Amino acid sequence: MIVNLLRYRFKDEVSEEEKAEALAAMRRTASVESVSYGAVGQDIGDPSEGFTHSLLVGVEDLEALRRYIYDPVHLAGDPVILPRLQRMWATRFSDDPDPGLGAKVVRLHEEKLRRYPEWEALLDAIPETRLSTEV
């Protein structure tokens, strides 16, 4: 299982309606075919860390992760979600003992950046971002 956890905060100027649209897009993304389990909701961690919401998805394996990141629902959701974020922090973990899995996941991320430069621009535009994309 590969688990992806995103914690985020919306920009102050984002309306409640826009937040609801982004959260709905996240929920659709977290329930696509390749996802074994997913959850979207309020972040109940340390408020001083500045996050208000979180998304968690678990996918069975690397092939399921590939299907997830290229799913049309996911691709359609990012332009609704990412421009509204002020802060995003991402991490992944897995119960797969393959010592090379992290590098394989990073290669998938890099492949998507090359294939979709507009996605890279959306990520780069988030003022405060930390992604686990280094091995």
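The values are calculated or read from the model by the stated rules, or taken from the named source; none is laboratory data. Bear in mind the structure is a predicted one, so any value in this text is a computation, not a measurement. Cβ: placed from backbone, ideal geometry, glycine included. Neighbour counts: every protein chain shown. Keep in mind that these areas ignore ligands, DNA and RNA; they rest on the heavy atoms of the full protein, side chains included. Shrake-Rupley method; radii C 1.70, N 1.55, O 1.52, S 1.80 Å.
Residue count for the range 57-85, restricted to those that are open to solvent by 50 Å² or more (accessible area, probe 1.4 Å) and within 16 Å of Met1 (Cβ to Cβ): 6.
The set of residues in the range 85-135 that are hydroxyl-bearing (Ser, Thr, Tyr) and within 18 Å of Lys11 (Cβ to Cβ) contains only Thr129. Close Cβ contacts (under 6 Å, 6 or more residues apart or on different chains) running from residues in the range 22-34 that are outside any helix (DSSP H, G or I) to residues that are surrounded by fewer than 18 Cβ atoms within 10 Å (Cβ to Cβ) and of a type outside the set (A, V, I, L, M) comprise Val32/Asp71; Ser34/Arg67.
Hey, could you check the range 1-21 for residues that are of a type in the set (Val, Ile, Thr) and assigned to a strand (DSSP E or B) and say which is farthest from Glu128 (Cα to Cα)? Full working, then the answer.
First, pick out the residues of the range 1-21 that are of a type in the set (Val, Ile, Thr): 2-3, 14.
In the following step, the residues that additionally are assigned to a strand (DSSP E or B) were identified as 2-3.
Values: Ile2: 24, Val3: 22 Å.
Restricting to residues being of a type in the set (Val, Ile, Thr) and assigned to a strand (DSSP E or B), the top hit is Ile2.
With respect to the conditions (1) over 22 Å from Lys19 (Cβ atoms); (2) part of a strand (DSSP E or B); (3) of a type in the set (A, V, I, L, M, F, W, C); (4) open to solvent by less than 50 Å² (accessible area, probe 1.4 Å), Phe93 falls short on a single one, namely (4).
Among the residues here, Glu118 does not qualify as within 21 Å of Lys19 (Cα to Cα) and either touching a Phe, Trp or Tyr at 6+ places or on another chain (Cβ under 7 Å) or surrounded by fewer than 15 Cβ atoms within 10 Å (Cβ to Cβ) (or both). At pLDDT 95 or above, open to solvent by 20 Å² or more (accessible area, probe 1.4 Å) and farther than 19 Å from Val3 by Cα, is that true of Glu33? In short, no.
Listed here are the residues, each with its yes/no results for (1) among the aromatic types (Phe, Trp, Tyr); (2) under 22 Å from Glu33 (Cα atoms).
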| site | (1), (2) |
| --- | --- |
| Ala64 | no, yes |
| Arg67 | no, yes |
| Phe93 | yes, yes |
| Lys104 | no, yes |
| Glu110 | no, no |
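How about the range 96-115: which of its residues are without any contact (Cβ under 8 Å) to a residue 24 or more places away in the chain and open to solvent by 60 Å² or more (accessible area, probe 1.4 Å)? Give the derivation first.
So in the range 96-115, the residues without any contact (Cβ under 8 Å) to a residue 24 or more places away in the chain come out as 97-100, 107, 110-111, 113-115.
Passing the criteria: Pro97, Pro99, Arg107, Glu110, Arg114, Arg115.
Pairing residues of the range 74-86 that are in a helix (DSSP H, G or I) with residues that are of a type in the set (Val, Ile, Thr) and open to solvent by less than 20 Å² (accessible area, probe 1.4 Å), at Cβ distances under 6 Å and at least 6 apart in sequence or on separate chains, gives His74/Thr29; Gly77/Thr29; Arg84/Val14.
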